[in-house]
């Protein structure tokens with residue numbers, strides 16, 4: 001079974017992951033993984049830290065030369081900013097140095113009471129979205145493997161605040177090239193200007209802004225996931241992974257939130273097209289009864305405004321036990337743009353895991369043969 005754990009703090013020495021279950025004999029393109037990390041760091045509205053870090057992954061085990069061995073893979077991304085923080089992170093804090101003013105919307109308060117270390121810094125270091133750097137690296141490796149299996153994952157920013165981008169075919173390379181060149185990862189040039197203006201206004205006001213991301217996964221064959229048990233449903237599994245990303249508050253598969261549709265218009269009619277079974281529409285988002293149906297898996301992910309804001313809002317001082325104004329930690333104005341890249345890679349891990357659950361293989365070419373044979377025969381049943 002494909003699985004991973006990650007570790008590391010925002011301002012610690014490094015972010016680390018151990019991945020178990022990657023098949024042997026897959027030739028890794030490390031430049032692809034590093035480029036995904038670079039994509040995560042780009043985007044209008046990013047904070048100062050992105051100017052400090054140059055994220056690059058290093059393999060410590062499970063890879064010989066460029067080929068996977070089947071052994072657990074250890075990945076590490078070193079934090080350059082650690083040099084600026086080692087005097088704080090590397091020692092036991094004095095009483096007066098401990099952070100005791102929680103920021104509303106963060107994990108500060110719940111972490112303070114859950115783990116009882118007496119210092120909110122310990123919570124900040126792990127709840128930080130810095131953790132998504134190593135998850136992006138893990139997912140990028142999975143994304144590479146999926147691409148070789150004929151599965152592609154793309155995304156765009158769907159909305160920022162109450163402004164929405166056009167619905168376009170992101171598998172058109174010309175369109176997608178334009179999206180990737182946009183500093184806010186949208187298609188419409190006028191909407192791009194609107195997104196930038198909203199970010200600029202929020203920055204001036206000491207505010208942050210949320211929005212939504214459109215994710216699409218192309219090439220997943222029919223039959224991945226299962227309705228036989230509740231915890232094997234593909235949409236539930238993807239939801240679990242997506243909801244674990246910092247700032248995500250809601251998910252929509254296909255047009256599941258379009259309450260104007262009735263059964264006859266929401267249900268995706270089944271047709272034959274050039275001898276292949278297809279759907280006229282994709283309102284269900286490529287998953288029915290927890291199982292992929294062969295259409296693109298389409299998901300909208302809704303992300304809240306970043307809780308770290310310069311604007312004063314109310315909180316409490318846990319030492320003095322009185323109300324006060326919130327404190328500020330360096331952050332971005334919006335997480336939506338980088339989140340689109342993070343989410344691509346997060347879902348890549350879960351899609352590969354479910355592919356490997358269906359097509360069990362220890363070696364990459366065995367996996368590829370199995371899925372290709374299945375694609376060629378499944379509709380002959």
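Among the residues of region 174-196, how many are over 13 Å from residue 155 (Cβ atoms) and under 19 Å from the mean Cα position of the chain (by Cα)?
Qualifying residue count for the region: 1.
Let me spell it out: the conditions are (1) modelled with pLDDT of 95 or more; (2) within 29 Å of residue 131 (Cα to Cα), and residue 293 meets all of them except one. Which number is the exception?
Only one criterion in (1) modelled with pLDDT of 95 or more; (2) within 29 Å of residue 131 (Cα to Cα) is unmet by residue 293, namely (2).
Within region 360-381, how many residues turn out to be part of a loop (DSSP other than H, G, I, E, B) and free of Cβ contacts under 8 Å to residues at least 24 places away in the same chain?
Residues that pass the stated criteria total 2.
Got at least one residue in region 89-96 being surrounded by 15 or more Cβ atoms within 10 Å (Cβ to Cβ), more than 23 Å from the chain's Cα centre (by Cα) and in contact (Cβ under 8 Å) with a residue 12 or more places away in the chain?
yes
In the list 156, 203, 233, which residue meets the criterion of being surrounded by fewer than 21 Cβ atoms within 10 Å (Cβ to Cβ) and at pLDDT 95 or above?
233
Just to be sure before I move on: is residue 231 without any contact (Cβ under 8 Å) to a residue 60 or more places away in the chain, more than 30 Å from residue 308 (Cα to Cα), touching a strand residue (DSSP E or B) at 6+ places or on another chain (Cβ under 6 Å) and not in a loop (DSSP other than H, G, I, E, B) in the structure I sent?
The answer is no for residue 231.
Six or more apart or on different chains, Cβ under 9 Å: which pairs go from a residue in region 346-359 that's surrounded by fewer than 24 Cβ atoms within 10 Å (Cβ to Cβ) to one that's outside any helix (DSSP H, G or I) and at pLDDT below 95? Could you list them?
From region 346-359, the pairs are 353/1; 356/1; 357/1.
Looking only at region 264-311, count every residue that is part of a loop (DSSP other than H, G, I, E, B) and surrounded by fewer than 12 Cβ atoms within 10 Å (Cβ to Cβ) and tell me the total.
Total satisfying the criteria: 4.
Return only the number of the condition from (1) surrounded by fewer than 16 Cβ atoms within 10 Å (Cβ to Cβ); (2) at pLDDT below 95 that residue 363 does not satisfy.
(2)
Counting just the residues of region 159-176 that are free of Cβ contacts under 8 Å to residues at least 24 places away in the same chain and over 25 Å from residue 333 (Cα atoms), which one comes out surrounded by the fewest Cβ atoms within 10 Å (Cβ to Cβ)?
That would be 174.
How about region 240-263: which of its residues are in contact with a strand residue (DSSP E or B) (Cβ under 7 Å, 6 or more places away or on another chain), touching a residue at least 60 places away in the same chain (Cβ under 8 Å) and part of a loop (DSSP other than H, G, I, E, B)?
Within region 240-263, 247 is the sole residue that qualifies.
Please find, among 138, 213, the residue that is touching a helix residue (DSSP H, G or I) at 6+ places or on another chain (Cβ under 8 Å), outside any helix (DSSP H, G or I) and touching a residue at least 12 places away in the same chain (Cβ under 8 Å).
The unique qualifying residue is 213.
Is it the case that region 252-263 has a residue that's within 17 Å of residue 127 (Cβ to Cβ) and exposed (fewer than 12 other Cβ atoms within 10 Å of the Cβ)?
Checked against the condition, which is being within 17 Å of residue 127 (Cβ to Cβ) and exposed (fewer than 12 other Cβ atoms within 10 Å of the Cβ), region 252-263 yields no hits at all.
Given the condition under 18 Å from the mean Cα position of the chain (by Cα) and over 30 Å from residue 282 (Cβ atoms), answer yes or no: does some residue in region 149-158 qualify?
No, because not a single residue in region 149-158 is under 18 Å from the mean Cα position of the chain (by Cα) and over 30 Å from residue 282 (Cβ atoms).
The values are calculated or read from the model by the stated rules, or taken from the named source; none is laboratory data. Keep in mind that what you see is a predicted model, and the values were worked out from it rather than measured. Every residue, glycine among them, receives a Cβ derived from its backbone with ideal geometry; neighbour counts consider all protein chains shown.
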